[in-house]
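Since the structure comes first, as structure tokens, the remarks are kept for the end.
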Amino acid sequence: MEARDLFHVHLMNKENVVGTALGRYRIRNEDLGDNDKIISRPKDYEHKDGRSLSNSRVVDQSWPCILVFVSHWVHRNEMKNSDPVQYVPPNIYMPDGRIVPICVVEAPVQSETDQDVDEEEVEFPDNVVSGGYPLVINSQGIKKIASAGCIVTDGNKFYVITNKHVTGTPGIPIYSKLRGEYKRIGITTDINIGNSRFQSVYDGWVQPNLFLNVDVGLIEIDDINSWKTDIYGLGPLGKVVDINVKNISLKLIGVNVEAHGAVSGKLEGEIAALFYRYKSIGGYEYISDFLIGPRHDQSSLKTKHGDSGTIWAIPPHSPANDKDEYMPVAIQWGQRAVKNSGKDVPDTFALATNLSHVCRDLDLDVVRGWNLDLDYTWGKTGHFKVGFAACDIVTNAKLKELLTANADRIGIDDADLIAGKVPPGMYTKKFIPMTDVADMYWRNHRPDDESNHFADMDDQDPGVYNNKTLLELCFTATGKIIDKWVDVAKWLDYYQQLDVAKPEKTKAGKLRPRLGGLPFRVWQMYNEMVSILKGTDSDDVKLAKFVTAGGTLSHYVGDACQPLHISCLHDGYPDGTGAGVHGAYERDMLDTYKKKPEANLLAGITALLQPVKTTDLVTGGRNIAKKILSLMWDTYQLIPPKQIVDNYATNHSGKKLWEAFGEKTKQTIANGAHTMAVIWQSAWIEGDGDALTVSTTPIKETDLMHWYKKDSFVQSYQLNDPALKPLLV
């Protein structure tokens, strides 16, 4: 530090130098032999090509040095015809005779970088927010995206930590997206740190003209219950790594760190340098605590704009961390793009602040262990179980071969459900197991699909059909279907009369027509499954389209065996009594008890499954709609929605819901899986699927995505759309 401070101005006045830092000598990969041993002491003049962060690394033998970053590499031979004053020496000689080595690194900073963030490329949460997820800020007419860091507390309130340049002026509302809709998650506070004098942060190290860019701001969280404390893509956090003047060491150089940026996703790098001086203005120098670059086996770090605010942590069970948790060490505030002559895309490295001195100066503690049992997804357990389990109980040999090969593309197995290995939420361009495409992709891209996920079978009014419900109109008292009511026109007439008698309104106060058409959506999609098999496409295309159509259809079958999807009490009574019951029952209860061995949730459902029998099969979409209606009847009789709402309104307890309805919930999910298996096999036989050539090789995810991302594929219609009725034959 003394050497760098003495000679920094001298070095920065060389026309090619763009920055300096403290580090350990970086050895070119080509100068390393087995076990990363240096073949011979590096001689820069023997290398024509420059040393960069991506073609060199720190090894055990690397010695302390000053890193000097230059805009372009100039070989010794080229210097003969240049100004010798511009030459960067190999060493610095101190007044007392000590010699400090210099390691020159080529890092030409790109003057312009792409700051645009494509919101479609960003993964938003579906249920709860945490560090690593996006924050959305509207400022001066511009929408900006940044990263949530982690949850901290001052002992009174909870905050999410991010960058000051992200939070902006106190009082600004901050948003994210849950279930595809913007939701305010907090408000900017006046608690922040911009630049700090270096000697005030690192007590005793007097460098009066040096400023540390801290760039930290706090957002006061609106509802802590909608957050969890681990970092998405990483896991639970341990204690903050305490780095101060008494223990800081160049042993930090080369330590592996990981993060999850809101835009870049999972990031893996290593601490490449300390106290990187990146700017000089008005006689003052500005530095960053850490420069984080790529690991030795990576070509680039690839951090992007929008990752600002993300937490970097030392991964568990690594040389620097023997714990089971990630140890947070830094908060990213910026990135530098570095030109790479051999690539179209520039390399990048991250600039980050020491998290321990932020916690010290703002008197904050990192919150750990909050809401760890909550999943990021909304109510996926039942859906994914239905989709995966149905594949195992079809009995047609060729169909079973096809579905077994693609079961993990349709649903998710028990082990991954328990481990939480499920897609994070909306707006992802990654592959989504098809059982939940309807929620996680189509709800955003197909607004007409929303009403296909439910049918309020128990709604009623004294002036409409003699106060009868759809359940009473469609079924006899013993559960036999009344055939004339399997008709879109009759359902629409019933709904329209209810709309006049007691209009429904959205949260915004606008009238909302009743259009719940769940059984008719299944009818339409079944017909398309059969048509695909009977079509003129090649066998490979037919199979991809068939699996996509059936896989996405299984979501609606999952809705039909969920009591609150077939009731007007879907989230409590109209007066607000029992509000929140939908999430508590469908999401929280299942997501909590799937992880408890004593509950035997997932294995218990499997034990109830019954293989498809020949007598279960039907022909035609109309008869499949009847199968769905029968599933809805069975679901309603097994777990009356009113009982769920009353239980929750009294207890507000997931435990009480499980005690009352856990075993019955296993049965209704098993019923849904069986119905889905019947749909698969009925469509396969009706479409003569056995005539196709089936492979045990799974269908490519990209092929399945191609179909479910086409709006015209198994197109979504509202119940009152004239284009729907011709499809229901």
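Tabulated data
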quantity: Nonlocal amide H pairs with ILE185, under 5 Å, H built at 1.01 Å; calculated: ILE174, TYR175, SER176
quantity: Packing rank of 201-210, 141-150, where each peptide gets the mean count of other beta carbons within 10 Å, highest leading; calculated: 141-150, 201-210
quantity: Pairs from LYS626/LYS700; LYS266/LYS709; LYS157/LYS239 whose Cα-Cα separation, in the structure shown, is over 27 Å; calculated: LYS626/LYS700
quantity: Qualifying aspartates and glutamates (Cα of each under 12 Å from Cα of LYS480; at least 8 residues distant if same chain); calculated: GLU472, ASP634
quantity: Positive-end residue, the chain charge dipole about Cα centroid, Cβ charges, pick of PHE431, GLN61, ASN256; calculated: GLN61
quantity: Order by protection proxy (mean Cβ within 10 Å, highest first), peptides 527-540, 60-73; calculated: 60-73, 527-540
quantity: Neighbour net charge for LYS542 - beta-carbon separation under 13 angstrom, K R +1, D E -1; calculated: -4
quantity: Pairs beyond 19 Å (Cα-Cα), from LYS468/LYS666; LYS380/LYS596; LYS177/LYS510; calculated: LYS468/LYS666; LYS177/LYS510
quantity: Paramagnetic reach from GLU598 in segment 626-653 [backbone N under 20 Å; point 7 Å along Cα→Cβ]; calculated: 653
quantity: Aspartates and glutamates with Cα under 13 Å of LYS430, excluding same-chain neighbours fewer than 8 positions away; calculated: GLU120, GLU121, GLU123, GLU701, ASP703
quantity: Alpha-carbon radius of gyration plus Dmax, which is the widest Cα pair, for segment 268-329 in Å; calculated: 14.4, 47
quantity: Estimated [θ] at 222 nm from DSSP helical runs (n ≥ 4, -39500 (n - 2.57)) normalised by residues in the chain, nearest 500; calculated: -8500 deg cm²/dmol
quantity: For ILE92, residues with placed amide H under 5 Å, excluding near neighbours; calculated: VAL100, ILE102
quantity: Debye equation applied to the C-alpha atoms of segment 466-521, log10 I(q)/I(0) at 0.12, 0.16, 0.25 Å⁻¹; calculated: -0.33, -0.56, -1.07
quantity: Kyte-Doolittle at least -0.5, axis length at least 24 Å by Cα - qualifying DSSP helices, the chain; calculated: 518-534, 539-560, 621-638, 654-686
quantity: Gap separating the Cα centres of segment 570-595 and segment 429-472, nearest whole Å; calculated: 17
quantity: Distance histogram for segment 119-366 (every C-alpha pair counted, 5 angstrom bins, percent rounded to whole numbers); calculated: 1, 6, 14, 19, 20, 17, 13, 7, 3, 1, 0
quantity: Average Cα contact separation per residue, the chain, under 8 Å, 6 or more apart, as relative contact order %; calculated: 12
quantity: Ellipsoid equivalent to segment 633-729 - semi-axes via the Cα gyration tensor, in Å; calculated: 37, 20, 16
quantity: For VAL129, residues with placed amide H under 5 Å, excluding near neighbours; calculated: TRP227, LYS228
quantity: Highest-first arrangement of 17-25, 652-660, where packing means the average Cβ count within 10 Å; calculated: 17-25, 652-660
quantity: Environment charge at LEU135 (Cβ cut-off 12 Å; Lys +1, Arg +1, Asp -1, Glu -1); calculated: +4
quantity: Net charge of neighbours whose Cβ lies under 14 Å from the Cβ of CYS359, counting Lys and Arg as +1 and Asp and Glu as -1; calculated: -3
quantity: Dimensionless Rg over Rh [segment 2-106; C-alpha; Kirkwood]; calculated: 0.96
quantity: Residues THR476 and GLU2, FRET efficiency given R0 of 56 Å [Cβ-Cβ distance, rounded to 0.05]; calculated: 0.05
quantity: Derived scalar couplings ³J(HN,Hα) [segment 174-185; Karplus, 6.51 cos²θ - 1.76 cosθ + 1.60; whole Hz; x for Gly, Pro]; calculated: 10, 10, 9, 10, 10, 6, x, 10, 4, 9, 5, 10
quantity: Straight-distance crosslink candidates among aspartates and glutamates, where the alpha carbon sits under 12 Å from LYS595 and sequence neighbours closer than 8 are dropped; calculated: ASP373, ASP375, ASP414, ASP416
quantity: Normalised contact order of segment 567-652, rounded percent, pairs of Cα under 8 Å and 6 or more residues apart; calculated: 44
quantity: Derived scalar couplings ³J(HN,Hα) [segment 311-319; Karplus, 6.51 cos²θ - 1.76 cosθ + 1.60; whole Hz; x for Gly, Pro]; calculated: 8, 9, 9, 7, x, x, 6, 10, x
quantity: Estimated translational D of the chain in µm²/s (Stokes, Kirkwood radius over Cα pairs; 10 °C; 1.306 mPa s); calculated: 55
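Values quoted throughout were computed directly from the atomic coordinates according to the rules given, and no laboratory measurement underlies them. Remember, it's a predicted structure, so these values are computed and weren't measured experimentally. When we count neighbours, we look across all protein chains shown, and the Cβ atoms used for this are built from the backbone with ideal geometry, even at glycine.
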